[in-house]
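Notes for the one structure printed next.
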Amino acid sequence: MRRIVWVAIAFWVVTVIATGGLAGRLGGAEKNDATTWLPKSAESTKVSELTGKFIGTDVYPAIVVYDRGDAVSSEAARARAEADAIRFGTLPQVRGPVASPVVSDDGKAIQVVVPISVGDKGVTGALPTVKSIREIVSDTGMSVHVTGPAGYGADSADAFSAVNSTLLYVTIAIVIVILLVTYRSPVLWLLPLLCVGVALTVAQGLIYLLAAHAGLTVNSDTEFLLTVLVFGAGTDYAILLTARYREELRRTENRYTAMITAIRRAGPAIAASAVTVALSLLCLVVADLNSTKSLGPVMATGVLVSFAVLTTLYPALLVMCGRWIFWPVAPRFGNPEHGNGRQGRSLERLISSHPRRVWQVTAAILAFLALGLFGLHASGLRAQDTFRTRPDAVVGEQLLLEHFPGGSGDPAQIIGPASEADRLRELAAGVPGVVTVSMPVQVDGLVYLEATTADTTGSDAAFATVKHLRSAVHAVPGAMVGGSSAVALDTQASARHDRNLVVPLVLSVVLVVMAILLRALVAPALVLATVVLSLAAALGVSAVVFDRILGFAGADPSFPLWAFVFLVSLGIDYSIFLMARIREETANHDTAAATVIAMRTTSGTITAAGVVLAGTFAALLTLPLVFAAEIGFAVAFGVLLDTFVVRTVLMPALAIDLGDRLWWPQRPKGDIRNSLIHNMIQPSIMVESE
């Protein structure tokens with residue numbers, strides 16, 4: 001055993017050294033261009049590929065908006081804007097000449113559209129040029145802002161820069177505090193934190209290799225979600241293994257023997273948890289959206305690496321350190337295990353005495369909370385609604401809307417046969433919501449036009465205009481409509497397709513894994529039903545919080561699916577641990593007695609694990625992005641709901657009420673006739689059935 005300990009430590013030291021350099025390069029492999037997230041079959045994707053013939057597929061406009069106000073004359077304002085436009089054209093990433101400034105009809109604002117080439121970095125690659133533009137206009141004497149796709153891309157990149165600093169530090173701080181409270185040791189928390197750091201580094205290195213050489217699409221969203229998932233899942237595995245190891249140290253004098261027993265007893269449940277999460281996440285590979293499709297392999301890699309590190313390196317470090325690592329409350333051989341406190345025993349008596357009434361009331365409360373789902377608006381967010389703060393791009397867009405048509409600088413793009421150029425222009429100009437249509441540009445038998453819309457990019461009105469525009473130009477065979485609003489519209493359609501496909505697939509995978517683990521059919525179906533009910537309640541409460549308290553304008557189309565996958569795969573963990581322990585105890589007790597024993601032995605551990613996981617996802621609330629805050633709140637609240645309601649109340653009540661029927665078609669074998677605990681609690685359990 002001692003030799004295995006040193007082999008495990010040496011293996012992970014070598015692995016970290018090999019992948020450490022690759023992990024730091026993951027950010028450079030990100031693709032944050034929305035068009036790269038859509039499938040190749042999407043109309044807006046096809047248009048994006050063809051626009052390379054005219055303006056380049058990597059070109060995004062930055063819209064510089066001058067608010068003249070009353071301090072500067074119109075002649076001076078226009079002269080300054082013209083001078084700035086010339087300077088903009090000299091910047092390295094600016095593609096082609098910068099058009100002359102356009103004065104609003106009311107004469108109070110001026111806009112200059114600057115085409116920026118971002119290369120293969122996506123729209124967030126516009127950050128350096130946007131910074132340079134903002135420096136140029138900083139001394140104009142007017143209020144000047146940079147917005148448009150490039151402006152928003154730059155501000156998004158700036159916001160995501162907090163992922164590798166603020167988010168990481170907040171997550172580490174949350175984990176440290178919870179581990180200190182859980183372990184009541186000033187040193188033990190160092191081991192799980194060290195192992196989680198190893199897991200994150202190795203996972204990031206492997207994911208970089210997949211992104212660089214296997215075509216995996218990685219973006220900023222998946223990177224920050226990977227961080228919190230590895231910290232949450234890895235720490236959970238550490239807490240669960242430590243609890244069983246501590247339990248065995250009281251029964252066994254030799255710490256190596258205690259660890260072997262702990263791994264043999266707790267390992268199957270931890271493995272089932274990791275496999276359930278990984279397989280559930282891998283179901284996302286069937287999705288249409290590349291951003292969703294890539295989330296599966298990225299997160300599954302993080303979970304499996306965390307499982308490998310926390311079940312090999314972490315046990316090795318624990319046994320190497322010895323019992324002193326638990327100081328000042330080190331477990332001693334022969335000392336009894338502490339059970340639940342007074343409140344825990346009271347809850348046990350309540351559930352044991354009235355299981356049916358308890359689970360019916362609990363289920364009704366969760367169903368009531370789920371009613372909030374009807375208020376969840378996941379049809380997408382306008383660019384200005386994606387931030388929780390007011391960056392320069394948001395201020396600029398609001399100024400732009402006051403003086404120019406909503407689609408200024410970010411028009412709908414129309415491509416069709418060059419022979420139909422005049423007809424396409426006529427059809428587009430006749431669509432309600434279209435303000436102007438540019439003169440056709442023809443290349444290689446194709447024609448390119450831009451239609452400026454009256455409404456803000458990404459708004460419902462802009463979506464309606466795109467639909468009408470497509471309906472009109474599709475009269476010309478081969479004609480297509482793209483642009484930012486079209487991309488958002490196609491993203492909505494793909495998100496709906498993905499939800500309808502992935503949700504039943506994930507539920508099926510979870511049911512199969514649970515059936516294999518528990519070797520039963522009723523118990524897995526029951527667990528799955530409770531988790532789905534908990535998910536609905538969590539999303540219902542989240543919808544109310546987003547709308548009434550946080551004031552968000554809505555949710556990203558991918559939010560329901562991502563929340564579903566995280567909550568089902570992660571939330572079911574605690575039910576797995578509880579049910580696995582119940583099944584283990586049924587070897588010597590009936591199901592009702594086994595349930596009480598499992599509640600007593602797993603209560604503190606699972607509670608700590610749930611709080612850690614919820615805390616790591618809650619760290620996403622520190623980011624200034626609506627999508628991150630929504631995922632963070634929904635998953636954190638859902639995990640707490642699973643921890644304190646489903647695992648603590650609902651599942652035990654259902655298990656006691658059903659009794660041995662829970663294990664249909666075959667009850668676990670064992671002799672319960674001489675069980676002391678069975679004889680003690682059986683009278684109270686029978687009250688409800690009588």
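Where a number appears in this text, it was derived from the coordinates with a stated rule and is not lab data. Quantities reported herein were computed from a predicted structural model and do not represent experimental measurements. Here the Cβ is made from the backbone with ideal geometry for all residues, glycine too, and neighbour counts use every protein chain on show.
Cα gyration tensor of the range 37-172, axes a ≥ b ≥ c as square roots of the eigenvalues: rounded (a/c below 1.5), prolate (a/b > b/c) or oblate? It comes out oblate by the Cα gyration axes. Relative contact order of the range 43-154: 35 percent, from C-alpha pairs under 8 Å at least 6 residues apart in sequence.
What is the angle, in °, between the Cα long axis of helix 392-403 and the longest principal axis of the Cα atoms in the chain? Nearest 10 is fine, range 0 to 90. It works out to around 40 degrees.
Normalising the average separation of contacting C-alpha pairs (under 8 angstrom, six or more residues apart) by the number of residues puts the relative contact order of the range 411-482 at 41 percent. For ARG390, ARG87, the sequence from fewest to most other C-beta atoms within 10 Å is ARG390, ARG87.
The long axis of helix 559-585 is offset from the longest Cα principal axis of the chain by roughly 10 degrees. Taking every C-alpha pair closer than 8 Å and separated by at least 6 residues, the mean separation divided by the residue count of the chain gives a relative contact order of 18 percent. Note on the range 423-461 and the range 57-134: Cα centroid distance 22 Å, given to the nearest whole angstrom. Comparing Cα centroids, the range 544-597 and the range 1-27 end up 32 angstrom apart. A convex hull fitted to the Cα coordinates of the range 392-506 yields 138 cubic angstrom per residue. The angle between the Cα long axis of helix 591-618 and the main principal axis of the chain comes to about 30°, on a 0 to 90 degree scale.
The aspartates and glutamates within cross-link reach of LYS108, meaning a Cα-to-Cα straight distance under 12 Å and a gap of 8 or more places when in the same chain, are ASP67, ASP70, GLU75, GLU402. Rounded to the nearest 500, the 222 nm mean residue ellipticity of the chain from helices alone is -20000 deg cm²/dmol, with -39,500 (n - 2.57) taken per DSSP H run of at least 4 residues. Set against the labelled values (1) 1.22; (2) 1.11; (3) 1.35, Cα Rg over 2.2 N^0.38 Å computed from this structure falls on (2). Residue pairs exceeding 21 angstrom between C-alpha atoms, taken from LYS46/LYS293; LYS46/LYS131; LYS40/LYS293: LYS46/LYS131.
List ARG356, ARG647 from most exposed to least, where exposure is judged by having the fewest other Cβ atoms within 10 Å.
Ascending Cβ contact count within 10 Å gives the list ARG356, ARG647.
Quick check on the chain: of the DSSP beta bridges with both residues there, what percent are antiparallel, nearest 5%? Percent antiparallel among DSSP bridges in the chain is about 95.
In terms of Cα atoms, the Rg and Dmax of the range 136-291 work out to 21.6, 78 Å.
By the beta-carbon count within 10 Å of each Cβ, the least crowded to most crowded order of HIS377, HIS403, HIS468, fewest first, is HIS377, HIS468, HIS403.
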